[in-house]
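All remarks here apply to the structure that follows.
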Amino acid sequence: MNTEVNLCGIKMKNPVTVASGTFGYGREYADYIDLNKLGAIITKGTSLKLRTGNNSPRICEVPGGMLNSIGLQNPGVEYFAQNDLPWLRKFDTKIIVNACGSTIEEYVELCKILNTLDIDGVELNLSCPNVKAGCLAFGTSYEGVKEVTSQVRKVLTDKPLIVKLTPNVTDITLPAKGAEDAGADGVSGINTLLGMKIDIDKRKPVLANNTGGYSGPGIRAVGVRCVYQMAKAVNIPVLGMGGITCGDDAIEYMLAGATAVSIGAGNFADPETSIKTIEGIEKYMKKHNIDDINSIIGTVEMN
């Protein structure tokens with residue numbers, strides 16, 4: 001059976017990656033799974049300079065998943081390049097860096113640096129709902145996505161560019177088209193849905209930031225719908241994510257049009273989720289006598 005997929009020129013041994021922000025830079029998970037088995041690792045959001053993130057509490061459980069308001073805490077690209085990237089490169093898997101910023105200028109300067117590093121691709125984060133500037137502010141419209149993506153594309157000349165999109169819009173196909181028209185090699189989604197949990201005794205939000213990103217199995221149906229719509233609207237590959245916890249979930253996304261999938265909150269519930277998902281995909285292929293996983297991409301038959 002062939003499980004290899006080509007995501008925007010990134011040849012992955014299987015279609016399973018780990019979603020940004022749920023896997024750190026891989027060190028914590030290396031104690032639990034063989035990172036060599038992953039199709040790719042997408043790093044946590046990495047910015048031009050160190051970010052301290054939001055105040056605590058910034059994580060809480062909700063029905064069907066969790067809310068997070070981490071605020072893209074990370075040590076910055078220079079630290080990543082000197083400390084985390086050499087470690088990641090010891091493994092036989094593709095490395096995709098999730099890039100975040102507060103201004104167009106920050107995105108551009110960051111991607112200038114990423115263009116020089118030994119990485120396999122960049123996922124441009126235009127969809128995080130937990131920061132007060134950048135990301136979501138740019139990612140909710142055709143014009144905003146096109147503007148940032150086009151400026152980044154000018155400096156990111158040697159790496160595949162995937163633009164990560166938010167479901168917190170009326171029509172996700174418009175930002176997807178903005179990314180494609182600006183020269184992106186692919187789009188990914190969905191990022192988290194904006195949510196809130198209230199402590200009814202204190203009559204205050206549980207999270208210090210008041211709202212946070214909702215992820216987990218509860219958002220999977222939204223993610224599948226968005227991936228289907230994006231795949232129909234653009235002619236570039238789609239990386240699908242949102243509530244995937246097993247092989248069957250991944251297959252659902254691929255039938256909807258995803259070339260590959262990312263495991264997010266599922267990593268917190270079970271650090272072996274990504275490996276079990278890979279095994280589940282192979283089990284599905286055997287059950288249905290599928291020789292090549294690429295043959296099922298976008299083949300859902302609508303009623």
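The values are calculated or read from the model by the stated rules, or taken from the named source; none is laboratory data. These numbers were taken from a predicted model, which means no experiment stands behind them. Cβ atoms come from the backbone with ideal geometry, glycine included; neighbour counts cover every protein chain shown. Please note that ligands, DNA and RNA were not included when accessible areas were found on the heavy atoms of the full protein model with its side chains. Shrake-Rupley method; radii C 1.70, N 1.55, O 1.52, S 1.80 Å.
THR166: in a loop (DSSP other than H, G, I, E, B), under 24 Å from GLY71 (Cβ atoms) and of a type in the set (Ser, Thr, Tyr), yes or no? It is true that THR166 is in a loop (DSSP other than H, G, I, E, B), under 24 Å from GLY71 (Cβ atoms) and of a type in the set (Ser, Thr, Tyr). Residues in the stretch 180-194 that are under 27 Å from GLY266 (Cα atoms), touching a Ser or Thr at 6+ places or on another chain (Cβ under 6 Å) and surrounded by 18 or more Cβ atoms within 10 Å (Cβ to Cβ): ASN191, THR192.
Of the candidates PHE91, PHE80, the single residue that is modelled with pLDDT of 95 or more and either open to solvent by 10 Å² or more (accessible area, probe 1.4 Å) or assigned to a loop (DSSP other than H, G, I, E, B) (or both) is PHE91.
In the set LYS202, LYS177, LYS197, only one residue is open to solvent by 40 Å² or more (accessible area, probe 1.4 Å), over 13 Å from ASN98 (Cβ atoms) and touching a Cys at 6+ places or on another chain (Cβ under 7 Å); that residue is LYS197.
Note on the stretch 205-254: among residues that are charged (D, E, K, R) and surrounded by 18 or more Cβ atoms within 10 Å (Cβ to Cβ), the one that is farthest from LYS11 (Cα to Cα) is ARG220. Summed over the stretch 146-163, residues that are open to solvent by less than 10 Å² (accessible area, probe 1.4 Å) and either small (Gly, Ala, Ser) or outside any helix (DSSP H, G or I) (or both) total 4. Among the residues of the stretch 94-107, those that are without any contact (Cβ under 8 Å) to a residue 60 or more places away in the chain and open to solvent by less than 10 Å² (accessible area, probe 1.4 Å) comprise ILE95, VAL97, ALA99, CYS100, GLY101, TYR107. For the residues ALA179, ALA184, the requirement of being under 26 Å from GLY9 (Cα atoms), of a type in the set (Gly, Ala, Ser), touching a residue at least 12 places away in the same chain (Cβ under 8 Å) and in a loop (DSSP other than H, G, I, E, B) singles out ALA184.
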